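Heads up: the structure comes next, in structure tokens.
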Amino acid sequence: MPRYTFRGGVHPPEFKDLACSRPVETLPAPARVVIPMVQHMGAPCEATVRKGDAVAMGQVIGDTEAFVSAPIHASVSGVVEAVGQCTLADGRKVPAVIVESDGEDRLSEDIAPAGDLAELTSDDIRHLVRKAGIVGMGGAAFPAHVKYSPPPDGNVDTIILNGCECEPFLTCDHRVMIEEAEEIVFGLEVIMKACDAERGVIGVEDNKPDAAEALRQAIGDRPYEVVSLQTKYPEGAEKQLISAITDREVPSGGLPLHIGVVVNNVSTAVAISRAFKTGVPLIERVVTVSGDVVAQPKNLRVRLGTSIEVLLEACGGFTKAPARLISGGPMMGLAIYDLDMPVTKGTSGVIALSEGIAPVLNEEPCIRCGRCVEACPAFLMPLYLATYPDESAMEFRPLDCIECGACSYICPANRHLLQRIRLAKAEAAARQRGES
Ligand code: SF4
Ligand code: SF4
């Protein structure tokens, strides 16, 4: 059997055993949720409620006319305490609706199942997915309905569900694949119908054979495939996953849609399945809380807008002060500076690490060893990208960087490559928009 994989990549220690055998625990709704109006790529939402309004669970509280966006819903029923601000993991201060829960979880009256899938058109499904506020739940948070809208001259033939979860420590998708395999397969069926696609594949790294088996059982004799991929970081990056499964390359500056492929995370498929069967929009998700200084690492199903502090309390807090606290995985995640930060649609993990696992290393001069070039899955030259944070970086294609951090991980000189490349990317993006 071929070992599906991509060129480049690295093998960081996995640390999955801390939480992968812990079944998902559902946390009760908190007394208060802080729901940011920016939880996705694209246009931010504007609050559609005001201080003092009563809201039902699942009611729209933020929306926009923009196509590349997704509405935001109340994750509890209660009263709007304020329309204020909150800080996201990337440091941005964004508008947020703060809801004080009434503890009743009263569901919005307009929530209803979608009906028979066979009766729905592609447009109906795209509309349903947008209405439910569904975005990519692997971290990128790209609005799902946009992915199902190919250009007029294109078509989608393949849907890939991403069950790789290649970041160390994260195990939420692993548990979801074991515990909700049927929902994932139904979600795949809905997405295939939305895109009129012929091939449906679920990609799972070969370090999760139990998840692959659960999915195969759920598929039964339906014409979908589970593909076992070589465990390597970043196997779950969209372009690398497509290359490994279909042998097609997304062109520089292009999208998977341009080569007839749509990729969604397995948890996104579950959210679609739920929205389809019950009408309940995206108001909760599973988050891994793990790391060597977390007392009881767990996978928690939580309402969006729950604070990180509540998640950590549910895991017994820290055994000692963490040296690093991260939202997402340790390779691509962002530092958490404020425990009040809320869980959003893209929050896959909260990882707390000791100095022993995440030491602060002194940066040394580059020794031109080329290991970052070998590791880069995007065929870039990270050492040069990180050296020229101005227009001369353009020839090294900074916008093709997927920010996986493999270069920083492998660098023996501890160069802060990813940090500098992010600056070069921001500069290049501004130049493309004609801002510099
Ligand atoms: S891995 Fe580090 S030391 Fe080696 S070439 Fe790249 S930047 Fe230089
Ligand atoms: S240059 Fe970008 S894509 Fe390449 S290894 Fe570094 S972070 Fe990953």
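Any read-out appearing in this document is the output of simple, stated calculations on the displayed coordinates, not a laboratory observation. In this text the structure is predicted, and so the values were computed from the model without any measurement. All Cβ positions, glycine included, derive from the backbone under ideal geometry; neighbour counts span all protein chains shown.
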**Prompt:** On average over all directions, what projected area in square nanometres does region 67-176 have, based on the convex hull of its Cα atoms?
**Reply:** 10.6
**Request:** Highest first, please rank the peptides 224-235, 66-77 by the mean number of other Cβ atoms sitting within 10 Å of their residues.
**Result:** 66-77, 224-235
**For the chain, share of DSSP beta bridges that run antiparallel, in % to the nearest 5** = 60
**Prompt:** Just how many % of Cα pairs in region 359-434 lie over 22 Å apart, if you round to the nearest whole percent?
**Reply:** 17
**Request:** Equivalent ellipsoid semi-axes for region 1-131, as square roots of 5 times the alpha carbon gyration tensor eigenvalues: give them largest first, rounded to whole Å.
**Result:** 31, 23, 19
**Lysine pairs in region 114-278 with Cα atoms under 30 Å, if 8 or more residues apart or on separate chains** = 15
**Request:** Determine, for each peptide in 172-179, 305-312, the mean count of other beta carbons within 10 angstrom over its residues, then list the peptides with the highest first.
**Result:** 172-179, 305-312
**Asked** Per the Debye formula with a single identical scatterer at each Cα and no solvent contribution, what log10 I(q)/I(0) holds for region 226-298 at q = 0.16, 0.28 Å⁻¹?
**Response** -0.84, -1.17
**Prompt:** For the chain, what is the largest minus smallest coordinate of the Cα atoms on each principal axis, given in angstrom and ordered from greatest to least?
**Reply:** 63, 49, 48
**Item:** Cα centroid separation, region 158-230 to region 1-77 (Å)
**Value:** 20
**Fill in**
Output for region 114-278 (equivalent-ellipsoid semi-axes, sqrt of 5λ from the C-alpha gyration tensor, Å, descending) is 22, 19, 14
**Request:** Only Cα pairs under 8 Å and at least 6 apart count here; give the relative contact order of region 371-432 as a rounded whole percent.
**Result:** 40
**Request:** May I ask you to derive the relative contact order of the chain, considering only C-alpha pairs under 8 Å and at least 6 residues apart, and to give it as an integer percent?
**Result:** 19
**Prompt:** So, with +1 on the Cβ of K and R and -1 on the Cβ of D and E, and no other charges, what is the size of the charge dipole of region 114-278 about its Cα centre, to the nearest 20 debye?
**Reply:** 420
**Asked** Helix-derived [θ] at 222 nm for the chain: sum -39500 (n - 2.57) over DSSP H runs of at least 4, divide by residue count, nearest 500?
**Response** -7000 deg cm²/dmol
**Fill in**
Listed by chain and number, the residues whose amide H is under 5 Å from that of Val263, excluding neighbours fewer than 5 places away on the same chain and using placed H, are Ile160
**Request:** Tell me the label-point distance for the pair Asp338, Thr278, using the 7 Å Cα-to-Cβ offset, in nm and rounded to one decimal.
**Result:** 3.1
**Fill in**
Short to long, in 5 Å steps from zero, the percent of alpha-carbon pairs of region 201-352 per bin is 2, 8, 14, 16, 17, 17, 14, 8, 3, 1, 0
**Prompt:** At Glu198 and Arg248, where each label point lies 7 Å from the Cα along Cα→Cβ, what is the point-to-point distance in nanometres?
**Reply:** 1.1
